[in-house]
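Single-structure report; data block below.
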Amino acid sequence: MVLLITSTGTPVLAQSAQFLPEIDTHLKLNSFMRVYLQAKDDRDEGASNQFSVGPSIQVYLKPLLKLKNIATFDLDDSKARAFVLETGYRSVTAPNTPPTNRMETLVTFHFPLKTGFRVSDRNRTDLDWKSGQFTWRYRNKFMVERTFAAHSYHFIPYVAAEPYYEGQYNKWSTTDLYAGCLFPVGKHVQFNTYYEHENNTGKKPNQQKNDIGFALYLFFR
């Protein structure tokens with residue numbers, strides 16, 4: 001991660017760290033389907049100030065025993081499934097600019113590793129319409145996480161990397177790096193605190209930004 005952040009051979013526009021709040025409310029409908037509503041401060045691709053909100057639906061397979069054992073203390077039960085299919089809509093708004101209508105399609109694979117580690121590979125496609133113009137991008141997020149115990153409490157640190165392929169630039173133009181931790185609280189609440197570094201080479205000069213994220217996840221049946 002240090003190499004990716006520092007080894008830039010072109011001019012870079014640096015930005016100070018910004019705070020990214022988010023809330024996701026999940027409702028499990030049955031053993032293989034869940035819906036959720038997401039609202040977040042969205043700074044993808046170097047955006048300075050934009051907000052996204054919208055619903056999604058997830059469909060997944062039966063849980064794998066190894067994944068289920070690893071994800072025992074994680075309130076997100078989709079992580080116990082080897083395959084998760086998701087689709088959703090987001091309305092992305094920003095000051096003094098027309099809104100963006102976004103359709104999202106995601107396919108996520110989860111793999112158990114030895115010593116309690118879990119790997120996630122999320123493949124996401126965004127289809128955007130804004131003022132009659134269409135753009136698209138593909139994002140691949142690779143994450144490694146593990147649950148640790150402190151007396152009777154359990155927390156879940158993780159690291160992740162997510163490159164973006166931008167249709168408007170016809171290249172891999174953005175890379176996000178994450179380091180964070182999940183904190184389950186009771187049966188319905190989980191917090192996600194993380195640091196994010198983004199390097200955007202689609203715009204000139206290159207843009208780098210650092211964000212501090214705080215997400216509240218709510219889970220209901």
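The values are calculated or read from the model by the stated rules, or taken from the named source; none is laboratory data. Values in this document were obtained by computation on a predicted structure and should not be read as measured data. With ideal geometry, Cβ positions are generated from the backbone for all residues, glycine too; neighbour counts draw on all protein chains shown. In case anyone asks, the SASA skips ligands and DNA or RNA and just uses the protein heavy atoms, side chains included. Shrake-Rupley method; radii C 1.70, N 1.55, O 1.52, S 1.80 Å.
Suppose we keep only residues that are of a type in the set (D, E, K, R) and without any contact (Cβ under 8 Å) to a residue 60 or more places away in the chain within the stretch 55-76. Which one would you say is surrounded by the fewest Cβ atoms within 10 Å (Cβ to Cβ)?
The qualifying residue surrounded by the fewest Cβ atoms within 10 Å (Cβ to Cβ) is Lys62.
Applying the condition of being at pLDDT below 95 and touching a strand residue (DSSP E or B) at 6+ places or on another chain (Cβ under 7 Å) to the stretch 93-110 and asking which residue is farthest from Ala160 (Cα to Cα) yields Pro98. Contact annotation: residue pairs with Cβ atoms under 7 Å, 6 or more positions apart or on different chains, pairing a residue in the stretch 151-167 that is farther than 19 Å from Ala179 by Cβ with a partner that is among the small types (Gly, Ala, Ser) and not in a strand (DSSP E or B), are Glu166/Gly202. Quick check, is Arg102 open to solvent by less than 20 Å² (accessible area, probe 1.4 Å), of a type in the set (Lys, Arg) and more than 21 Å from Asn192 (Cβ to Cβ)? Against the criterion (open to solvent by less than 20 Å² (accessible area, probe 1.4 Å), of a type in the set (Lys, Arg) and more than 21 Å from Asn192 (Cβ to Cβ)), Arg102 qualifies.
Kindly provide the set of residues from the stretch 135-164 that are in contact with a strand residue (DSSP E or B) (Cβ under 7 Å, 6 or more places away or on another chain) and aromatic (Phe, Trp, Tyr), ordered by number. Explain how you work it out, then say what you get.
Applying the first criterion (in contact with a strand residue (DSSP E or B) (Cβ under 7 Å, 6 or more places away or on another chain)) to the stretch 135-164 yields 135-148, 154-164.
The answer is Trp136, Tyr138, Phe142, Phe148, Phe155, Tyr158, Tyr164.
When you scan the stretch 1-13, do you find a residue that is touching a Lys or Arg at 6+ places or on another chain (Cβ under 9 Å), modelled with pLDDT under 85 and not in a loop (DSSP other than H, G, I, E, B), even just one? Let's see the steps before the verdict.
Keep residues of the stretch 1-13 that are touching a Lys or Arg at 6+ places or on another chain (Cβ under 9 Å), which gives 10-11, 13.
Now restrict to residues that are modelled with pLDDT under 85: 10-11, 13.
Filter once more, keeping what is not in a loop (DSSP other than H, G, I, E, B): 13.
Yes: the stretch 1-13 contains one or more residues that are touching a Lys or Arg at 6+ places or on another chain (Cβ under 9 Å), modelled with pLDDT under 85 and not in a loop (DSSP other than H, G, I, E, B).
Among the criteria (1) surrounded by fewer than 17 Cβ atoms within 10 Å (Cβ to Cβ); (2) at pLDDT below 95, the one Phe220 does not fulfil is (2). Within the stretch 119-138, the only residue that satisfies the criterion of being buried (at least 16 other Cβ atoms within 10 Å of the Cβ) and over 16 Å from the mean Cα position of the chain (by Cα) is Asp128.
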